[in-house]
Amino acid sequence: VSGAPTDPIQLARLLLAQSLGREGDALVLENETRESVLTSLRASRDAAPAVAVDETVLSNGERRVVGSDGARTDSRVRDAEIYEAPDLSALAALVSGCSRCALHSTRKNAVFGEGAADARVVCVGEAPGAREDETGRPFVGRAGKLLDRLLRSIGLPRESVYICNVLKSRPPNNRDPLPEEVTACSPYLLRQLALIQPEVIIAFGAFASRALLETKSALGRMRGRVHEYAGYPVVVTYHPAALLRNPGWTRPTWEDLQIVRRLLDGEGPLG
Ligand code: SF4
């Protein structure tokens, strides 16, 4: 082949195209072997300047990365940015522009969470549903009202606790979150907890409980005792939406919340 390109990437493309019509490791370019093309590619990669020469976080949480090849936007938030967020507002700004998993492309609103920044109790559900996705708020609608009543039954007005979900974006059609989505999103929850430093976490529903406790156990087997997540005590109970469908679970839920009350009062979990 005469006039072979000198750009290593062009060379590699040509090598690949020619390889598709050849057997084995034969010489495929005039004066170039497969090894020499690979060596060029490695050298070009090692010599390449860092793409990002300047970064700016935009007001919507996206990051504009300006490199030697011009301006482009990269909105993938890095773990370090999450763990270094100085407060809940800064963390919420990161979530609003987050594209760490595919759910960002189908959500209407990210649902970061809300409540007292110094709450003694953090309530954690599974993921936003349709109403939450519409409003950008966690635990709204009938299930949210029932949650408010449950919390009041142990002397905790909604505004005194912090309420959020494992996932901050709604899975389409309310399907179960995927493991990779939980992995991508969990640093946000960990940072929320580190900033709030609650005395107790209440995990509402089987999914949130399993995600926090990294188990596949049935909810019924996890109830009635105190677990731990990232060093925080965790009490597991039914999700208010499940209670609306199965009012018979109201009594066990109330019993679980009594464990929370006893923990807050400095008593043993079983009284
Ligand atoms: S679910 Fe979490 S990780 Fe995925 S896009 Fe939403 S905020 Fe980002």
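With θ taken as phi - 60° and the Karplus curve 6.51 cos²θ - 1.76 cosθ + 1.60 applied, the whole-hertz 3J(HN,Hα) list for the range 236-251 is 9, 7, 6, 6, x, 5, 6, 5, 5, 7, 10, x, x, 8, 5, 4 Hz, x standing for glycine and proline.
For the pair Leu195 and Asp79, a Förster radius of 22 Å applied to the C-beta separation gives a FRET efficiency near 0.90, rounded to the nearest 0.05. Shown in residue order for the range 90-102 are the 3J(HN,Hα) couplings computed by the Karplus curve 6.51 cos²θ - 1.76 cosθ + 1.60 at θ = phi - 60°: 5, 5, 4, 5, 5, 5, 5, x, 6, 9, 6, 9, 5 Hz (x for Gly and Pro). In terms of the mean number of neighbouring beta-carbon atoms within 10 Å, the peptides 211-218, 120-127 order highest first as 120-127, 211-218. Spatially, the range 121-137 and the range 203-222 are offset by 18 Å when compared through their Cα centroids. Placing unit charges on the Cβ atoms of the charged side chains and taking the dipole of the range 165-271 about its Cα centre, the candidate lying farthest along the positive direction among Ala194, Gly231, Leu178 is Leu178. The distance between label points at His227 and Ser36 comes to 6.1 nm (points 7 Å beyond Cα on the Cα→Cβ vector). Residues in the range 260-268 carry Karplus couplings, in order, of 4, 4, 5, 4, 5, 7, x, 9, x Hz; the curve used is 6.51 cos²θ - 1.76 cosθ + 1.60 with θ = phi - 60°, and Gly or Pro positions show x.
Taking amide hydrogens as placed 1.01 Å from N in the peptide plane, the amide H of Val234 sits under 5 Å from those of Ile201, His227, Glu228, Tyr229, each at least 5 positions away in sequence or on another chain.
Once the C-beta distance of Lys108 and Glu267 is scaled by a Förster radius of 45 Å, the resulting FRET efficiency is 0.55 to the nearest 0.05. Within straight-line reach of Lys216, meaning a Cα separation under 27 Å, sit the following lysines at least 8 residues removed in sequence or on another chain: Lys168.
Among 101-112, 160-171, the peptide with the highest mean count of other Cβ atoms within 10 Å heads the list, and the full ranking is 160-171, 101-112. Each of the peptides 198-204, 183-189 was scored by the mean count of other Cβ atoms within 10 Å over its residues; in descending order, highest first, they stand as 198-204, 183-189.
When a 1.4 Å probe is rolled over the protein heavy atoms, the share of accessible surface on the range 116-271 that falls to carbon and sulfur comes to 49 percent. Spin-label model, Lys145/Ser217: points 7 Å from Cα along the beta carbon direction are separated by 3.4 nm. The Ser89 and Asn173 beta-carbon pair, evaluated with R₀ = 41 Å, returns a calculated FRET efficiency of approximately 0.85.
The values are calculated or read from the model by the stated rules, or taken from the named source; none is laboratory data. From a predicted model like this one, the values you see are computed outputs, not experimental measurements. Using ideal geometry, Cβ is built from the backbone for each residue, glycine included, and neighbour counts are taken over all protein chains shown. Side chains included, ligands, DNA and RNA excluded: accessible areas come from the protein's heavy atoms. Shrake-Rupley method; radii C 1.70, N 1.55, O 1.52, S 1.80 Å.
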